[in-house]
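The values are calculated or read from the model by the stated rules, or taken from the named source; none is laboratory data. Everything numeric in this text was worked out from a predicted model, so none of it was measured. Every residue, glycine as well, gets a Cβ built from its backbone with ideal geometry; the counts of neighbours run over all protein chains shown. The area values use the complete protein model at the heavy-atom level, side chains included, leaving out ligands, DNA and RNA. Shrake-Rupley method; radii C 1.70, N 1.55, O 1.52, S 1.80 Å.
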Amino acid sequence: MRKYFGLFLIAFAMLALEVTLTRLLSVITWYYLSFFAIATGLLGSTAGATSVYLQPNWFTEETLERNIARCCLGFALTIPLTLIILTHLRFLPGVSTRAFVTLFTATYVCAMPFYFAGMATTAILTRIDLPIGKLYASDLAGAALGSLFVLGGLEVLDAPSLIILIGAIVAAAWFVLNWDSAGTTLRRWGGAVPTAFVVLALLNALSGHGIRPISYKGNIISRDDLLLEKWNSYSQVMVFKPIEGSPHLWGPSPITPDRWTTRHMMQVDGEAGTYVGKFSSPEDIEHLRYDITSMAYYVRPSGGALIIGVGGGRDAQTALLFGHEHVIAVDINPTFVRLLTGEFAEFAGLGDRQDVALYVAEGRSFVSQSADQYSVIQMALIDTWAATGAGAFSLSENTLYTVEAWDVFFKHLDDDGIFTVTRWYNPANLGETGRIASLAVATLLRNGVDDPSAHIALITSQRASTLLLCKAPFSPEDIHGLEEAIGRLQFRADILPGVEPGDEVLRKIVAAKSPSSLSAAIADEPLNFTPPTDETPYFFNMLRLNHIGFALQQEQGVLKGNLVATLTLLLLIVALLIVTGLTIIVPLRFKVAGKTSLPPPRPLWSAGLYFSLIGSGFMLTEIALIQRLSVFLSHPIYALGVLLFTLIASTGLGSYLSERLPLTRKPWIYLYPVITAGIILILRFVLSIILSGMITAPMPLKIFTAVFTIFPMGILMGLFFPTGMRLIRDLRFGETPWYWALNGVFSVLCSALAVLISIYLGISMNFYIAAACYLAVLACLWRINQMVNKRLSQI
């Protein structure tokens, strides 16, 4: 029982550490580099498994339990070391020797704790004579609960303190696994080690000067200027002491009055910024009239307004300033809503007003479940650059920038309502502005509009652009009002009904009269302006693989960062391919014979391919499910707390049930891979029907549907690893750690490949490739079964 519980604790800590490190690195560096560091860092567990294979003398019958406990102690002690080094690294943008060394250091220190965890896990799974199905079920149960632990832990503690607390869990695993071989003194005082970790975690959380990052995306931030700091599973929000000075606007008019304002700066994950400004009278916020984000209110100054992404409340203040009678503001991040209704309720002037309602919700989901219509729906600069807890190279705002999402917003406008979106803009390069224009045209075509150009206006400044998408054609009065405001504020109209756009790309986009003509208009552009859909919800990833040189030519900025993100993904895949090759080659070259003088047996390649395929198939299916159902559930909390937990837990149940099923005998040995592949393909099409038919369903029903959909799939995928181990243990017992290493390295490789596939080929392609992986398992099983029968005939 101790070994099951010890393995449970190790897996619990590994998953919790992986997710929390992703959250911490998303603050310290850019989201794509955090994905790179964690993905390659997880290869530490593969290195640990390979070490068990290469050095069989480390885990003999006499030293097995003692050395597993030592690995747990190494796991525990390297956690705070990793934390201290990571928080003292300074990541800088651009390509340089220093940037490379910093990334290499982050990758190496992330790998350290996983190396020891990988050795301990591998030794337990492959060297302890207990039912493999139950052992693997314990491993997966721990991982499932570890995901929930992070969900709650980051609501209470900051990420550095939670990482230290995870060290206490690993120390508890060391104490449990070391019990039999420990002396009286260690049994009496060994519990002091996990207790010390708990105390350190609490002291670090309560202290304002404990272990904290020294820089945030290359910027040194003085904590003396910090007013408060809030963490959760998908963001870190810092609020700074008040600033007095000239107003801050995203796209200021050249004639903006130099009025004195008081505001607090807020930062999400160290870079994405917003401000909460003082609002006690209209004079306090008069400057907001001069921001390009306010253009829709010049032609729709009254009615109901919906703000998606309330942040510091400036857009809600703008709607009130222009005269809207009722303002609803939603934000996926509860921290902002709590601040506006709590500490900053009086300062921001929103939390106590009867004409303002603040909700914690994802914008698309909120609108889908509402019957209300709005005069203005505003979505200004919604981009946190925050890696979600579920990973998968995803951003928490991806679901807002798809044709299906904009269709929801469009249908909830008044008959002449306006949906307005502000994005970053560079006069020398359209970038995101071109893509929102394409999205607007695709949305109008989807709703049967014959002439999209009559419904779209695009106003630009030097660094921001605001799109106005009107449900009805803009009236002459609307056009006159826009022209008057644009002229007075000295902005520029890049798209206006009745006026041919000066930019050739925009001209071709708004002239499109069908989806095919829209596709033809943007087909030859170096950037991908194709309207994102729920099948490919990657608005910010615009790099075409045949125009990689274009990304390298860009100057620093938002567009550059997004293009570099995709390049980083490509480099990660190359790095993982190299490591995968080394995982295959190195063990074959340097394997020692152990206690015997006989040379190691030739590897069983069919078994190696079997474990590689099931690792690939599992990860491709997991990423596809999380990406597809995250759009359905519309919240990163549910991606982590519902999807990841359900998938891992159901896989653990499948592993446990494998002990009771005749999966190593005909016909079952050939039947369950076929069933699994078939279910994956069915799931791909069923999900499309469910997602389109239940998008407006209540959230509890959505969660139940997601769990009900995932659970059977997880059970089936959980059958493969323990069944494979049972088949090959008697054939190649000494090679089982290598098979575990192959399973792990192909899982990590496919976590990156799945994202690339989703961006360029669509999420569904992952389902097809995963099904092919499980079908290919049949050939491996046939060969392994031949070997098993041959061995039995020789006994």
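Values computed for the structure shown
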item: Total residues in segment 736-768, condition assigned to a helix (DSSP H, G or I) and either farther than 25 Å from residue 585 by Cα or in contact with a Ser or Thr (Cβ under 6 Å, 6 or more places away or on another chain) (or both); result: 23
item: Qualifying residue in segment 85-93 (condition: assigned to a helix (DSSP H, G or I) and charged (D, E, K, R)); result: no
item: Residue match in segment 84-93 (condition: open to solvent by 40 Å² or more (accessible area, probe 1.4 Å), farther than 23 Å from residue 152 by Cβ and of a type in the set (D, E, K, R)); result: yes
item: In segment 453-471, the residues that are open to solvent by 30 Å² or more (accessible area, probe 1.4 Å) and part of a loop (DSSP other than H, G, I, E, B); result: 462, 463, 471
item: Residue among 494, 478, 450 that is among the acidic types (Asp, Glu) and crowded, with 22+ Cβ neighbours inside 10 Å; result: 494
item: Of residues in segment 580-605 being open to solvent by less than 20 Å² (accessible area, probe 1.4 Å) and either touching a Cys at 6+ places or on another chain (Cβ under 7 Å) or in a helix (DSSP H, G or I) (or both), the one modelled with the lowest pLDDT; result: 587
item: Meets criteria (at pLDDT below 80, touching a Ser or Thr at 6+ places or on another chain (Cβ under 9 Å), of a type outside the set (Lys, Arg) and surrounded by fewer than 22 Cβ atoms within 10 Å (Cβ to Cβ)) for residue 545; result: yes
item: Selection from segment 338-355 of residues that are closer than 19 Å to residue 229 by Cα and of a type outside the set (Phe, Trp, Tyr); result: 338, 339, 340, 341, 342, 343, 345, 348
item: Selection count where residues are touching an Asp or Glu at 6+ places or on another chain (Cβ under 6 Å), open to solvent by 10 Å² or more (accessible area, probe 1.4 Å) and in a helix (DSSP H, G or I), scope segment 115-133; result: 0
item: Residue in segment 418-437 that is closer than 25 Å to residue 758 by Cα, part of a loop (DSSP other than H, G, I, E, B) and open to solvent by 10 Å² or more (accessible area, probe 1.4 Å) present; result: yes
item: All strands (runs of 3 or more DSSP E) inside segment 320-387 with 1 or more residues being touching a residue at least 40 places away in the same chain (Cβ under 8 Å) and open to solvent by 30 Å² or more (accessible area, probe 1.4 Å); result: 356-360
item: Residues being open to solvent by 40 Å² or more (accessible area, probe 1.4 Å) and either in a strand (DSSP E or B) or in contact (Cβ under 8 Å) with a residue 40 or more places away in the chain (or both) - total across segment 499-510; result: 2
item: Some residue of segment 204-227 being among the aliphatic types (A, V, I, L, M), more than 27 Å from residue 422 (Cβ to Cβ), open to solvent by 50 Å² or more (accessible area, probe 1.4 Å) and part of a helix (DSSP H, G or I); result: yes
item: Hey, residue 514 among the hydroxyl-bearing types (Ser, Thr, Tyr) and surrounded by 14 or more Cβ atoms within 10 Å (Cβ to Cβ) or not; result: no
